[in-house]
Structures are given as C-alpha cells and as structure tokens.
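Step one of this worksheet: look at the structure below.
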Amino acid sequence: MWADVRVCVDIFIVALIIYRILVLMVGTRAIQLLKGVLMLLLFSLVASVMQLRLLSWLLGRGVWALSFVIPILFQPELRKMLEEIGRGYFWRRPMDMEQADDLSKQVAGALAYMKKESIGALLVLQQETGLREYWRTAVQLNAGISQELLLSIFWGNNPLHDGAVIMDRNTLIAAGCYLPLADVPDISRWYGTRHRAALGITEVSDALVLVVSEERGEVSLAFKGHLSKNLKEPQIEKLLLHYFTGSRDSARKTWKERIAQALRIFWSV
C-alpha cells in the first residue's frame, strides 16, 4: 500500500510541475519551441520503429544540438520562469476577502472617476501568464494599488498616461507599458489604439484588460481576444473582486481539470 501512495504522490508532483511550467510558457516564444521539440521526438520515435537509420541518426543529432542552443536563445524566458518560482509562484497564497474588497473598491473608484471625466486608461490585470516582456522596458513601480495612484498615472499631463498599467494581484508592477496591437479588421472604427492594444495582449496571455474610452466615457473588458463593451459599475466591482480572490477558485479545481487545462493551453497557442 505504501508503494501505491508513493506512486500517487510522484504523479501528483510531476503533474503540478508540468502544469505550472506550461502556464509560465504561454505567451512566450518558448511554447512554440516546445511544440517543435515534441514533433522532433515523435518523428525520431517513428523513424526508430520503422528502422530508418539515416533519419534516426539525423533527428538524434538535431535534438542533441538543441540541448545546447535552447538555453542561449531562450535565456529571457528561462530566467522569467526561475524568477516566478523564486517569488513563490508554485505556492502563492490566496488573498483574504477584506483585502480583496478594499483593492476592488480602489480600482473601481478610479475607473468610475476616469469614466465620468472621460480620462482614457488601460489596466492590465495579470493572471497566470507572466507579462515580464511587456513591463521590463517600462517604468517599474512595484507599488501598492490605490485609487489616487491610478488617477495620477492616467492624468492628462502625466507622461505615462498613454501607456498601459500592469497589475499582479495586489501589486502595481509598472506603468507606461506598450502592448502588441491586435489586427482585427472587423473592429469598429470608433475604437482606437487602446482597444486594439487590449485585444492584442489578451490574444497572447490570459490577462484581463479594462479600457476606459476618453471619447465615449465607457469601460470595456478585453479577454481572450474578445471585447465586452460598456460595463456597468456592479459588473466591474464583481469582476475585480473575482480577480483579487481568483486564487481561491483555482484552488478548488481537481487535478484532472488542471491537467486538461494545461493541455488546452499548450495546443491552443
């Protein structure tokens, strides 16, 4: 019986590590590389079974060469993964409800004011996909989230107001961030660069993006390449509260669901 328990623990730990690594790799070049390596290994296995010696030798040397090239070409991605692990990514604690409620009110209050005064804003709520490649060249703040800070960043005379703000739960990581623009031909001409940037970042990550339009004075939500327009204040507050307490919901997932989600993430990129 002890042997069965050890096998279950072994599978559990390996599944957790694979899932977390796949999530960290989503939105980076490394996920495409991983797909290529898996295809090479598959071809190598087929060639070995069919006894295609020359092809097996060629594929084997190719995989061997990649083991030296990968750490050099993908140094930023590998460093980001190690940084996330060092920050406690594998064992991040959920936020208590009181703190989540306070942060939700701070952000919702800032959005309501900017909506009323038609101040344009772009807030990126980072989830499990790291966005370091977008904030490392911006103005790094690593500050607590407050209504006053968000308003001061997006105020018209502030040099950072044209860029995006990236937040990670209770930390405002950076401001003045430039995001990839989505190429969406069917988007209304009334939606400008901010909305295209919001859609662009959600196409390569699982981030939630809130956009305040200075022309129409409305708040929109971008997620997974889709745009929900003209959100009402109760919707925004509910969304923010869910975001700040999101780790509680994810903790309830079964490991079967986690593995299935990791596979969907991998093959959908």
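Some points to look at:
- Cβ pairs under 9 Å, 6+ apart, first in the stretch 117-136 and touching a residue at least 12 places away in the same chain (Cβ under 8 Å) and assigned by TED's automatic domain parsing to the domain that holds residue 166, second surrounded by fewer than 17 Cβ atoms within 10 Å (Cβ to Cβ) and among the polar types (S, T, N, Q): 128/250
- One residue alone among 212, 184, 219 is modelled with pLDDT under 85, outside any helix (DSSP H, G or I) and more than 18 Å from residue 127 (Cα to Cα), and that residue is 184.
- Candidates 138, 110 - the one that is buried (at least 18 other Cβ atoms within 10 Å of the Cβ) and closer than 21 Å to residue 234 by Cβ: 110
- Boolean, residue 82 is touching a helix residue (DSSP H, G or I) at 6+ places or on another chain (Cβ under 8 Å), modelled with pLDDT under 80 and not charged (D, E, K, R): no
- The stretch 1-23, subset of a type in the set (D, E, K, R) and either exposed (fewer than 10 other Cβ atoms within 10 Å of the Cβ) or modelled with pLDDT of 75 or more (or both), residue farthest from the chain's Cα centre (by Cα): 4
The values are calculated or read from the model by the stated rules, or taken from the named source; none is laboratory data. Treat the numbers as computed from the prediction; the structure is a model and nothing was measured. For neighbour counting, all protein chains shown are included, and Cβ atoms are generated from backbone atoms with ideal geometry for every residue, glycine included.
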